[in-house]
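Undergrad: The structure follows.
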Amino acid sequence: MKKIRLWNSDDNLEKVVIGIVSGKGGVGKTTLTASLATLASTDDDFIPIVLDCDVDAPNLAIIMPKNPNVEIQTKNAYTTIKASFILEKCTHCKECFDNHFCEFNALGWDDRNNIPIVDFLKCEGCGACKTLCSEHAFDIHPVKSGEIISYENKFGSLLIYGKTRLGSTTSGKLVSEVKEFAKNSELYKKSNLTIIDGPPGIGCPVISMISGINYIIAITEPTPSGLHDLIRVLELVDQFKIPFSIVVNKANLKTPFQKKFKKYIKKTHYTVLGKIDFDYAIPESMSYAEPVVTYAPDSVASIAIKKIYRNLKKKLKTI
């Protein structure tokens, strides 16, 4: 276990939680997370924990696979509620189907057996069928909505991620479960840095992720959709009054939108933590399932990310 060096002469070292967000997918969020987490794993100042809270499409585990000498821990999550049919109580009146009890069209009818059918994927767990059925032939209960997986990755840090089950609609709750699982882990007591790969967008999963965060890194690219979605996610971050900075990926793209993007950054006075020029080393490293800072440590992208990491450390000393 690494020895922690304190930032200053204080007796206590505060735990720092960093969230990496993007208004849209595909701008390099997971790539940046993996590289920053890998650099932190080899830094004597940190004992990091890495979370993948993009629970609908977690990919961080691909780039940060487990240490071959450790076991994977898996916990089922029950954050979704669904309706179920109770055959013994049904009088086969067909009112639930004929009177359209379900506004989500999750109730079908089996003519052969003369019973209702609950469509798991369409069911929202609203409880209307249970309330409206005079025979109480429906029940609402939690069902498995996903899994939480944790292991020590090959770079020496703990990786925890959630994986939503197909058809589950409460990925925001699963994000909260992943964060709570991390807090209850033994390593969390010893760790002083948590890095979270957040979901894209501005919906419930993102809100759940940024709750309780100390610092946000918003990664974007100089394109019309990149700027549009960056503005949206920063509006969300501002609601929580969380300090943030921006990382620009593919910063050297030759597009007519570059001037507008640079004008926006200059006008807002937002802090740019760093810029990463387009570099073929990044897609190559992804094809080999490895962070670019270890796959090609001397590449243009790796040098830029290492500079971002150094700038981030300076920022963390001020929060």
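Undergrad: Taking all protein chains together and a probe of 1.4 Å, list GLU235, GLU135 from the most accessible to the least accessible.
TA: From most accessible down to least: GLU235, GLU135.
Undergrad: So, in Å, what gap is there between the alpha-carbon centers of the stretch 183-226 and the stretch 229-243?
TA: Comparing the Cα centres of the stretch 183-226 and the stretch 229-243, I get a distance of 12 Å.
Undergrad: Once amide H atoms are built 1.01 Å from N in the peptide plane, which residues 5 or more positions from ASN249, or in another chain, come under 5 Å H to H?
TA: Residues meeting the criterion, in which the H sits 1.01 Å from N, are THR220, GLU221, ILE276.
Undergrad: Taking H as built 1.01 Å from N, whose amide H comes closer than 5 Å to the amide H of LYS82, not counting residues under 5 places away?
TA: Close amide H contacts, sequence-distant or interchain: HIS141, VAL143.
Undergrad: Enumerate the calculated ³J(HN,Hα) couplings along the stretch 57-67 in order (Karplus 6.51 cos²θ - 1.76 cosθ + 1.60, θ = phi - 60°), each rounded to whole Hz, writing x wherever the residue is Gly or Pro.
TA: Values, residue by residue: 8, x, 10, 4, 5, 5, 8, 10, x, 6, 4 Hz.
Undergrad: Moving to a separate point now. For the chain, which whole percent of the accessible surface, found with a 1.4 angstrom probe, sits on carbon and sulfur atoms?
TA: For the chain, the apolar C and S fraction of the accessible surface comes to 52 percent.
Undergrad: Continuing with the same structure: To the nearest 20 debye, what is the magnitude of the charge dipole of the chain about its Cα centre, counting +1 on the Cβ of each Lys and Arg and -1 on the Cβ of each Asp and Glu?
TA: 1620
Undergrad: Averaged per residue, what accessible surface does the stretch 67-121 expose to a 1.4 Å probe, in Å²?
TA: Value for the stretch 67-121: 69 Å² per residue.
Undergrad: So if I take the centroid of the Cα atoms in the stretch 113-147 and the same for the stretch 38-64, what is the distance between those two points in Å?
TA: Result: 38 Å between the Cα centres.
Undergrad: What do you get for the angle between helix 29-41 and the principal long axis of the chain? Use alpha-carbon atoms, 0 to 90 degrees, nearest ten.
TA: 60
Undergrad: Still on this structure: Taking only Cα atoms and a 10 Å spring cutoff, compute GNM fluctuations for the chain and point out the largest among ARG165, ARG112, ARG232.
TA: ARG112
Undergrad: Another one. Semi-axes, largest first, in whole Å: what does sqrt of 5 times each Cα gyration tensor eigenvalue give for the stretch 28-99?
TA: After diagonalising the Cα gyration tensor, the semi-axes are 47, 15, 10 Å.
Undergrad: I would also like to ask the following. Highest GNM mean-square fluctuation, the chain, Cα pairs closer than 10 Å: which of GLU147, GLU290, GLU186?
TA: Evaluated over the chain, the most mobile residue of the options is GLU186.
Undergrad: So what are the radius of gyration and Dmax for the Cα set of the chain, in Å?
TA: 23.3, 76
Undergrad: Return the single residue from SER225, SER35, SER22 with maximal mean-square fluctuation; model: Gaussian network over the chain, springs between Cα atoms under 10 Å.
TA: Checking each option, the largest mean-square fluctuation is seen for SER225.
Undergrad: Across the stretch 294-305, in residue order, what do the Karplus-derived ³J(HN,Hα) couplings come to in whole Hz, using 6.51 cos²θ - 1.76 cosθ + 1.60 with θ = phi - 60° and x for Gly and Pro?
TA: In residue order, the calculated couplings are 9, 6, 9, x, 9, 6, 4, 5, 5, 4, 5, 5 Hz.
Undergrad: Taking only Cα atoms, what is the 0 to 90° angle, nearest 10, from helix 258-268's long axis to the longest principal axis of the chain?
TA: Approximately 90 degrees, to the nearest ten.
Undergrad: Using only Cα atoms, find the angle between the long axis of helix 171-183 and the longest principal axis of the chain, and express it within 0 to 90 degrees, rounded to the nearest 10.
TA: It works out to around 60 degrees.
Undergrad: Continuing with the same structure: Might you work out the accessible area of LEU39 for me, using a 1.4 Å probe with all protein chains in place, and round it to the nearest 10 Å²?
TA: Its heavy atoms expose roughly 30 Å² to the probe.
Undergrad: Then there's this: Please compute the per residue accessible area over the stretch 164-319 with all protein chains in place, 1.4 Å probe, rounded to a whole number of Å².
TA: For the stretch 164-319, the per-residue accessible area is 51 Å².
Undergrad: Add -39500 (n - 2.57) for each DSSP H run of 4 or more in the chain, then divide by its residues: what number comes out at 222 nm, to the nearest 500 deg cm²/dmol?
TA: The helix-only estimate for the chain comes to -9500 deg cm²/dmol at 222 nm.
Undergrad: Name the long-range amide H neighbours of VAL272: under 5 Å, sequence gap of 5 or more, or other chain; modelled H, no Pro or chain starts.
TA: ILE246
Undergrad: Okay, moving on. How large is ³J(HN,Hα) for each residue in the stretch 94-101, as worked out from phi by the Karplus curve 6.51 cos²θ - 1.76 cosθ + 1.60 (θ = phi - 60°), to whole Hz, x for Gly and Pro?
TA: Per residue, the Karplus-derived 3J(HN,Hα) values read 6, 5, 4, 7, 5, 9, 6, 4 Hz.
Undergrad: Using the Cα centre as the reference, give the magnitude of the dipole from point charges on the C-beta atoms of the stretch 126-276 (Lys, Arg: +1; Asp, Glu: -1; all else neutral), rounded to the nearest 20 debye.
TA: 940
The values are calculated or read from the model by the stated rules, or taken from the named source; none is laboratory data. Everything numeric here is computed off the predicted structure, so don't read it as measured data. With ideal geometry, Cβ positions are generated from the backbone for all residues, glycine too; neighbour counts draw on all protein chains shown. Surface accessibility is based on the protein's heavy atoms, side chains included, excluding ligands, DNA and RNA. Shrake-Rupley method; radii C 1.70, N 1.55, O 1.52, S 1.80 Å.
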